[in-house]
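Inspection log for the structure reproduced underneath, given as structure tokens.
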Amino acid sequence: MGTKKNITTISQYSFLLLWGTTCTVKLTGWESTKSEMALQSFPIWMERLLLRGLPAVYISLILLLIYKPTVRLAIKLSTLVISIFTLYLLVGATRLLGYAPCACAGIWPTNNHWLHIALNSLFIILGLIYWILAHRSQTGQDIISELGRKEDTVLS
């Protein structure tokens, strides 16, 4: 039980730090954020949606990570979101789309895709470890061992 609690706490605060830092950098440097989003090769409508939607996602994840009853959901959603970002970076870094997108998450001032992919991978691994431990701890919760077999209660 101690390992699961430790992984939960580490995952919770790691994702809080990630989303909090990213959100702070993006919102305090809004003009820079708009310029960086314009460097992505998205259609205008998607650029506008992401420009306003991503900070809302970050803030929502932060609130979910802070509120104890939603921590499990928040870690799973955070793992999903960081996985999507990493997949986008991998596609861009390998130039499958013919261009390399801006790797400007805000944590490092560099445009090094592989550095961002490495950092994101650490968060993905942490989230997957949490996800596996959370699943393992729930597999026996739907079994009530004191009840016995149904046939035993019917025949007695």
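The values are calculated or read from the model by the stated rules, or taken from the named source; none is laboratory data. This one's a predicted model, so the numbers in the text were calculated from it and none came from an experiment. Positions of Cβ are generated from backbone atoms using ideal geometry, with glycine treated the same way; all protein chains shown enter the neighbour counts. Just so you know, the surface numbers come from the protein's heavy atoms only, side chains and all, with ligands and any DNA or RNA stripped out. Shrake-Rupley method; radii C 1.70, N 1.55, O 1.52, S 1.80 Å.
Brief remarks on what is shown
- Restricting segment 129-156 to residues that are surrounded by 13 or more Cβ atoms within 10 Å (Cβ to Cβ) and over 30 Å from Thr28 (Cβ atoms), the residue that is modelled with the lowest pLDDT: Ala134
- Among the residues listed as Leu87, Leu18, the single one being assigned to a helix (DSSP H, G or I) and open to solvent by 60 Å² or more (accessible area, probe 1.4 Å): Leu87
- The residue that is nearest to the chain's Cα centre (by Cα), counting only those in segment 64-78 that are in contact (Cβ under 8 Å) with a residue 40 or more places away in the chain and open to solvent by 50 Å² or more (accessible area, probe 1.4 Å), is Lys76.
- Residue match in segment 47-64 (condition: in contact with a Lys or Arg (Cβ under 8 Å, 6 or more places away or on another chain) and either over 30 Å from Ile7 (Cα atoms) or among the polar types (S, T, N, Q) (or both)): yes
- Which listed residue, of Phe42, Phe15, is more than 18 Å from Asn120 (Cβ to Cβ) and in contact with a helix residue (DSSP H, G or I) (Cβ under 8 Å, 6 or more places away or on another chain): Phe42
- Checking each residue in segment 71-101 for being among the hydroxyl-bearing types (Ser, Thr, Tyr) and either at pLDDT 95 or above or closer than 15 Å to Ile59 by Cα (or both) picks out Ser78, Thr79, Ser83.
- Candidate set: segment 73-93, residues that are in contact with a helix residue (DSSP H, G or I) (Cβ under 9 Å, 6 or more places away or on another chain) and among the β-branched types (Val, Ile, Thr); chosen: the one farthest from Tyr130 (Cα to Cα): Thr86
- Failed condition for Ile10, given (1) buried (at least 16 other Cβ atoms within 10 Å of the Cβ); (2) under 29 Å from Trp131 (Cβ atoms); (3) touching a residue at least 60 places away in the same chain (Cβ under 8 Å); (4) not polar (S, T, N, Q): (1)
- Of all residues making up segment 1-37, the number that are modelled with pLDDT under 85 and farther than 16 Å from Pro55 by Cβ: 4
- Residue count, segment 38-53 (criterion: open to solvent by less than 30 Å² (accessible area, probe 1.4 Å) and free of Cβ contacts under 8 Å to residues at least 40 places away in the same chain): 2
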